[in-house]
Amino acid sequence: MPPAAPAPPARFHTERVEREDLVMFINACFACTGQAEFYGTSGGQAVSIEFLHEYILGDYRRLYARTLAAGINHFNQARIAVNLLATRALRRSPAALGRVAAVLDRSYSASGSSEKRRRPLAVALGVSTLLRAAAREYRAFWTAPTPDEILVDARGQTDLATPLLDALAFRPDVVILLSDGFENDPPGAAAEVARCFRVRLDPGQRTSIVHINPVFDSERYAPRALGPSIPTVGLRDAEDLPTVLGFARFAEGTAPLAELEHYLAQRAAALLSRHASTPGAVEPATTAGPAEAAEPAEAAELAEPADLAAPAGDTPAAAIEAP
């Protein structure tokens, strides 16, 4: 009896699995748009493609980014770009969150202005993606349900109270309301829901409720608030969400001034540390403290151009404009 052929090396099996995984993912990205097919529902499509994106992003991050250049459809290009931006933001400013619910405003005013077209909607989408990556458990509650966030558009009135009630029923540690603050269906309802919840059901403030507003109100010299029972913090870019959440407790008025000053000093040290790591930058007079010592190496690691090498024009903002 001839001797058995030697078993292929373990690396051979690993490469085969990697190749099969990537071929399967690219095939899915050519064909899937998250929409219903004759023999399949849109819900099944969405669950399937979301799992593939999370799996490939987690195990093959660099190749996941390079898939953008493979000619895949715009639906998956947008999803890859959004996922890469979210994970990059978390690597820059890690956020460890528990059970989180987000109330996201997709009313008509989220379409923005002629100069900032659909920016509030884009920030809401970015925040939702970032929270999904950072939180142990996460649920999004849009003012009008959407079958797929990547295709969300702006429409209708602003009813924040109904999704806020649903979010509180989820029993989260943190509720984030992202809205321009112009609530009109009916006006002031979200603030009243928050007040009653705090007084009757959560006097110990186990659940934090924070309003994040991406729109500045020049008449109030600040982002428009929903009411005195919900602290409001401004936000321009979704990637700044971890920093904003750290600042939110000061907006509640429960933290002393000394703690706020210490918080700002830490942020300033982190900024100077990143500046010092930039090639050609002038050495700052103030050095970062021990807590920020890892920042330069981390910033250098994040500067990999391949991670976000998307083709021109294929951005999340463009995807939001899809019909």
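The values are calculated or read from the model by the stated rules, or taken from the named source; none is laboratory data. Computed from a prediction, not measured in an experiment: that's the story for all the values here. Every residue, glycine among them, receives a Cβ derived from its backbone with ideal geometry; neighbour counts consider all protein chains shown.
Every listed requirement among (1) closer than 23 Å to LEU121 by Cβ; (2) surrounded by fewer than 17 Cβ atoms within 10 Å (Cβ to Cβ) is met by GLY246 save one, (1).
Selection over the range 96-129 of residues that are closer than 18 Å to LEU165 by Cα and of a type in the set (Asp, Glu) gives a count of 1. Do we find that ILE26 is among the aliphatic types (A, V, I, L, M) and free of Cβ contacts under 8 Å to residues at least 40 places away in the same chain in this structure? No, not satisfied.
Hey, could you check the range 87-110 for residues that are modelled with pLDDT under 90 and not in a loop (DSSP other than H, G, I, E, B) and say which is surrounded by the fewest Cβ atoms within 10 Å (Cβ to Cβ)? Checking each candidate, the answer is GLY98.
Test THR243 against the criterion of being farther than 24 Å from SER109 by Cα, among the hydroxyl-bearing types (Ser, Thr, Tyr) and touching a strand residue (DSSP E or B) at 6+ places or on another chain (Cβ under 9 Å), and give yes or no. Criteria not met by THR243. For the range 130-150, the candidate set comprises residues that are among the β-branched types (Val, Ile, Thr) and modelled with pLDDT under 90; within that set, the residue that is farthest from LEU164 (Cα to Cα) is ILE150.
Looking at ASP185, ASP180, ASP148, which is the one that is in the same structural domain as PRO228 (by TED's automatic domain parsing), among the charged types (D, E, K, R), touching a strand residue (DSSP E or B) at 6+ places or on another chain (Cβ under 7 Å) and over 18 Å from LEU97 (Cβ atoms)?
Details: ASP185 fails: touching a strand residue (DSSP E or B) at 6+ places or on another chain (Cβ under 7 Å); ASP148 fails: touching a strand residue (DSSP E or B) at 6+ places or on another chain (Cβ under 7 Å).
Step by step, each of ASP185, ASP180, ASP148 is checked, and only ASP180 is in the same structural domain as PRO228 (by TED's automatic domain parsing), among the charged types (D, E, K, R), touching a strand residue (DSSP E or B) at 6+ places or on another chain (Cβ under 7 Å) and over 18 Å from LEU97 (Cβ atoms).
For residues in the range 49-77 being modelled with pLDDT under 90 and among the hydrophobic types (A, V, I, L, M, F, W, C), which is surrounded by the most Cβ atoms within 10 Å (Cβ to Cβ)? This residue is LEU68. Just one of the listed residues (LEU164, LEU97) is in contact (Cβ under 8 Å) with a residue 60 or more places away in the chain and over 18 Å from the mean Cα position of the chain (by Cα), namely LEU164. In summary, GLY43 fulfils each of the numbered conditions (1) at pLDDT 90 or above; (2) surrounded by 12 or more Cβ atoms within 10 Å (Cβ to Cβ) with the single exception of condition (1).
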